[in-house]
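See structure below.
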Amino acid sequence: MTISTTKKLLGATVAAGVIFALAGCGQAPTDKPEGSEKPVDSDFLPCLISDAGGWNDKSFNQSAKEGMDSAADELGIKPLEFESANDNDYAPNLETAVSEGCSLIVAVGFKLSAATVESALANPEIDYAIIDDYADNDFDGTTDAPNIKPLVFDTAQAAYLGGYAAAAWSAQSGVNKVGTFGGMQIPSVAVFMDGYQLGVDKYNEDKSAAVEVFGWDAATQKGSFTGGFDANDTAKQTAQGVLDQGVDVILPVGGPVYQSAAAAITDSGKDTLMLGVDSDLAVADPNVAGMTLVSIMKAIDVAVHDATVAAAAGEFDAAPYVGTLENEGVKLSGFGDFEGDLPEGLVDELAELQKQIIAGDITVESENSP
């Protein structure tokens, strides 16, 4: 069967154990024969530039840093990491990275795209990678500089599973209402929301249920957004607006904005749960483990690690990497504190859905997918 919002076909991975850790990234890592490692350039210097959320966002910046640090430890080198406080820091941080002699510069996020392209075109001898963007700012279908490797994720696949799980939880409670809101309305945010709604639709179809989604309409691509990725009053008010619809599960998409959702839930005094994004939120921030049902994850850390190690060995490849369920670039986390309270059969149903996505029996289509 086909479930779609618009136009892109996605791929898929096998469920592993009770909960599917669909993690990983890039071409799935493979074991190398002993002695097959390539020598590392002694002058190799990897560099990482954050988006405005900072290294401790419990989300994509932090995950990218963990991947860079892991690669650097493996290579026995010290990377340079530049934290952006706001959008105005992107270009200066890139300029500094170039002046410091960086061999590989990894930009974290869609918002760094224009500055990254400008820097890459001016410095063709340097390798670049960018997370969550194709660096195609003229929209001609190709990356705007030949030395930029896009690291993108077909997150709708994992979000589909998350939406199905959210709908199952809400149906079990008798509320039958789930919600979502995002930071900025950009493809890497909206793709979560598309997949989430499609997963709810699938649950309704399979169970003859009527779980409603508030905060997003995949058909019109309209919904609730804060306009940024900061955990501030605007984000809290946006979360509250969705909670006011009576939802008992909410998906905040946008790094630190989950903190605002958590604050709004706490203020409400209700037992509303939320879903994490990018990282396993219950692990990354134990303070919210008691209200985090499950997380929709991207293996950004593995993608950054693999790109860095390859560049160090002189094997940089600018071909885009697309993380899917099949190559373990996206995944659903475990259910943590709520594993024992799940609707009967839900884990098996999710595992079967995952298999069907991988096999192509279900296609999850989102116009925001890479």
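The values are calculated or read from the model by the stated rules, or taken from the named source; none is laboratory data. Small disclaimer: the values here were computed from a predicted structure and weren't measured. Every residue, glycine as well, gets a Cβ built from its backbone with ideal geometry; the counts of neighbours run over all protein chains shown. Just so you know, the surface numbers come from the protein's heavy atoms only, side chains and all, with ligands and any DNA or RNA stripped out. Shrake-Rupley method; radii C 1.70, N 1.55, O 1.52, S 1.80 Å.
Computed with a 1.4 Å probe over protein heavy atoms only, the accessible surface of the chain comes to 40 Å² per residue.
The packing ranking of peptides 55-67, 169-181, 278-290, highest mean first, is 55-67, 169-181, 278-290, where packing means the average number of other beta carbon atoms within 10 angstrom of each residue.
Taking max minus min of the alpha-carbon positions on each principal axis, region 274-370 gives extents of 49, 37, 23 Å, largest first. Per residue, the Cα convex hull of the chain amounts to 128 Å³.
Note: region 193-299, Cα convex hull, 112 Å³ per residue.
Determine the share of the chain's accessible area contributed by carbon and sulfur atoms, expressed in whole percent, with a 1.4 angstrom probe. Taking all protein chains in place, the chain shows 47 percent carbon and sulfur surface. Report, for region 205-357, the % of DSSP beta bridges that are antiparallel, rounded to 5. Taking every DSSP beta bridge with both residues in region 205-357, the antiparallel ones total about 40 percent. Non-local amide H neighbours of residue 294 (under 5 Å, H modeled in plane, Pro and chain starts lacking H): which ones? Hits under the 5 Å cutoff: 276.
Near residue 186: Cβ cut-off under 12 Å, other residues only, Lys/Arg at +1 and Asp/Glu at -1. The net charge is -2. The orientation-averaged projection of the convex hull spanning the C-alpha atoms of region 131-275 amounts to 9.2 square nanometres. Counting only alpha carbon atoms, the long axis of helix 300-312 and the longest principal axis of the chain meet at about 10°. Protection proxy ranking for 307-314, 82-89, 252-259, using the average of other Cβ atoms within 10 Å per residue and placing the highest first: 252-259, 307-314, 82-89. Shape of region 51-107 from its Cα gyration tensor (a ≥ b ≥ c, root eigenvalues): rounded if a/c is under 1.5, otherwise prolate when a/b > b/c, or oblate? Judged from the Cα gyration tensor, region 51-107 comes out oblate (a/c at least 1.5, b/c at or above a/b). Pairs spanning more than 26 Å between alpha-carbon atoms, out of 222/298; 222/355; 65/331; 58/355: 222/355; 58/355. Annotation: the antiparallel percentage among DSSP beta bridges lying fully within the chain is about 10.
Per-residue packing, averaged as other Cβ atoms within 10 Å, sorts the ranges 213-220, 148-155 into the order 148-155, 213-220, beginning with the highest.
Separation between the residue 98 and residue 221 pseudo-spin-labels, each 7 Å from Cα along Cα→Cβ, expressed in nm? According to this spin-label approximation, the distance is 3.2 nm.
Where both bridge residues fall in region 157-268, DSSP classifies roughly 20% of the beta bridges as antiparallel.
Considering only the other residues whose Cβ falls under 11 Å of the Cβ of residue 115, what net charge follows from Lys and Arg at +1 and Asp and Glu at -1? Around residue 115, the charge tally is -3. Could you please state, rounded to a whole Å, how far the C-alpha centre of region 142-181 is from the C-alpha centre of region 195-260? Result: 11 Å between the Cα centres.
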